[in-house]
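Contents: one structure, followed by commentary.
Values quoted throughout were computed directly from the atomic coordinates according to the rules given, and no laboratory measurement underlies them. Please read all numbers here as calculations on a predicted model, not as lab measurements. Reconstructed Cβ throughout: ideal geometry from the backbone, glycine too, with neighbour counts over all protein chains shown.
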Amino acid sequence: MIPPELASFVPGLRWRCLPFDALDVHTLYRLLRLRSEVFVVEQNCVFQDMDNADMACHHLLGEQTGGADGARLLAYARLVPAGLKFPEVSIGRVVTDPATRSAGLGHTLMQAAVREVQRLWGPQPIRIGAQAHLEAFYNRHGFVSDDKPYIEDGIPHLEMIRK
């Protein structure tokens, strides 16, 4: 379970980490909608978000409770087992609701994601494919670039590892 201190600055924030089969249809819809809103629409990037990996992953959800229509998804990350995307475990599809970006929720999300990866699979290196402009953000969470930039879906990326 995610420690309460990681939710303290957003009223009603609750963290859940679920395997794909435990996602109800409303939660699945909310997470796919947020991913599409940011990665496809906001970033103007046409790509196949649903890549057949979701079913093998755990899904970290930062939800604000108490709304008229149920929980509002504010933060999300996909926790990927070793061997699926990289030889190491991975964190991907890291996204926050655009309205929360100035509140630092992305940092809280990454702290929670690293803790959940370690809870699920034990302490081990974590590799990510990060958008290059977010390198400093991921550096703050212990990730170091391999200095081999590449283009994915028209966006510069870096592989980064946290030992």
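Descriptive notes on the structure:
- Here D146, D97 are placed in order of increasing Cβ neighbour count within 10 Å, fewest first, which gives D146, D97.
- Estimated inter-spin distance, A103 and A53, nm [label 7 Å along Cα→Cβ]: 2.8 nm
- Each peptide among 37-50, 148-161, 75-88 gets the average number of other Cβ atoms lying within 10 Å of its residues, and from highest to lowest they stand as 75-88, 148-161, 37-50.
- Potential extension, Y29-A132 segment - 0.36 nm per residue separation minus Cα distance: 34.3 nm
- Between the labelled values [x] 17.6, 60; [y] 15.0, 46; [z] 18.3, 69, the entry that holds Rg and Dmax of the Cα atoms in Å as derived from this structure is [y].
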